[in-house]
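What follows draws every value from the coordinates through simple rules; no lab data is involved. This one's a predicted model, so the numbers in the text were calculated from it and none came from an experiment. Here the Cβ positions follow ideal geometry from the backbone for every residue, glycine too, while neighbour counts run over all protein chains shown.
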Amino acid sequence: MDEGNFGEYGCCQGRVYRNTGHPGSWNGPNRRADSEIPVRRPEFFAVIRIGLGKPQKVMARGDSMPGRLKGKSVVITGGTKGIGKGIARMIAAEGANLVIGGRNERDGRKFVDEISSLYGTEAVFIHGDLSQVANCRKLMDTCVEKYGKIDGLINNAGIFPRASLLETDEELYDRIFDVNAKSAFFCSKYAVIAMKKSGGGSIIHMGSTHGYKGSERLAAYACSKGALHTLSKHIAGQYARDRIRSNWITVGWVASEGEMELLAKEGTSMAELESIAKEAIPSGRLQTNEDMAYGVIYLLSDESSQVTGTDLHITGAFNL
């Protein structure tokens, strides 16, 4: 976060300047020499400081945390492990009720019990293969039946088998697109139907740096993420008047469970991965599940009520 960019008020050297995105500038029609306003700290703003090593805890902004999502009902796909699990846990900690979709029933049941015990919020697990449209609809219907509305949807389910263009056959292509693109399309469809009835909501698509350019041995995966990116823009443009927001998060290099399983098969250890990442990622470290979750919480919250059609890069500049 840039300490000099707080939207309406920009902070610079202990002062706050009105209506500026850059420290010390004021370009409004009523420019005044005395437009400086003494800053009130720390109750107004949180400053996030991230070094090159372990990510630091985020300091709450005023009394807006925890409970930023209290009273909201959220659906997340692929929410029983890895990035999705980290996101779901933070959503529950912020006070929202959850419907979690996944294919591992044992882990899913255990996880929703854990959430309810730790955070006192309600959570329901729905087992099913989201390449089947009926299961996409079941997720959304369950949320409406259980909580009366859908405030948020996180399209997180995804698979990333390694295969180049020449190595990809029809079966693999269809499987990747069914999970990564088709499920998001139809989950979004049924979420939009519900959100239109209840006055709006937020849909978040968990993307990838690969969605912009493609990478070696991730041909179909990259294309599926490109399709997801287009879906995000389509929903943002078509349903803004229904107060439905749609945003994309560019997921950086996260040492998720799935990533580590693949790397283990290829003979790469965690220590080796961290060493490679330190050189490859400008910020100097791998991203974490929590890094992604912070972005999701913001996009689900009322703080982002005017944010739609956005690409939020949580990559440590890896994609730049």
**Fill in**
Dimensionless Rg/Rh of region 184-303, both radii on Cα and Rh by Kirkwood, sits at 1.05
**Message:** Let me check the size of region 73-314 from its C-alpha atoms; what are the radius of gyration and Dmax in Å?
**Reply:** 17.2, 51
**Item:** Rg/Rh ratio calculated on Cα atoms of region 185-252 (Kirkwood radius)
**Value:** 1.06
**Prompt:** What is the packing order of peptides 210-222, 244-256, taking the mean over residues of other C-beta atoms within 10 Å and listing the highest first?
**Reply:** 244-256, 210-222
**Asked** Cα extents of region 134-238 along the three principal axes, largest first, in whole Å?
**Response** 47, 26, 16
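Give the dimensionless ratio obtained when the Cα radius of gyration of region 266-314 is divided by 2.2 N^0.38 Å.
1.56
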**Message:** For a protection proxy built on the mean count of beta-carbon atoms within 10 angstrom, sort 125-131, 96-102 highest first, please.
**Reply:** 96-102, 125-131
**Fill in**
Surrounding charge for Q306, neighbours by C-beta under 11 angstrom, Lys/Arg +1, Asp/Glu -1, total 0
**For region 172-320, size of Cβ-based charge dipole, Lys and Arg +1, Asp and Glu -1, in debye** = 840
**Prompt:** Which whole-number percent is the relative contact order of region 73-314 (Cα, under 8 Å, 6+ apart)?
**Reply:** 20
**Request:** Express the relative contact order of region 229-320 as a whole percentage, based on alpha carbon pairs under 8 Å and six or more residues apart in sequence.
**Result:** 44
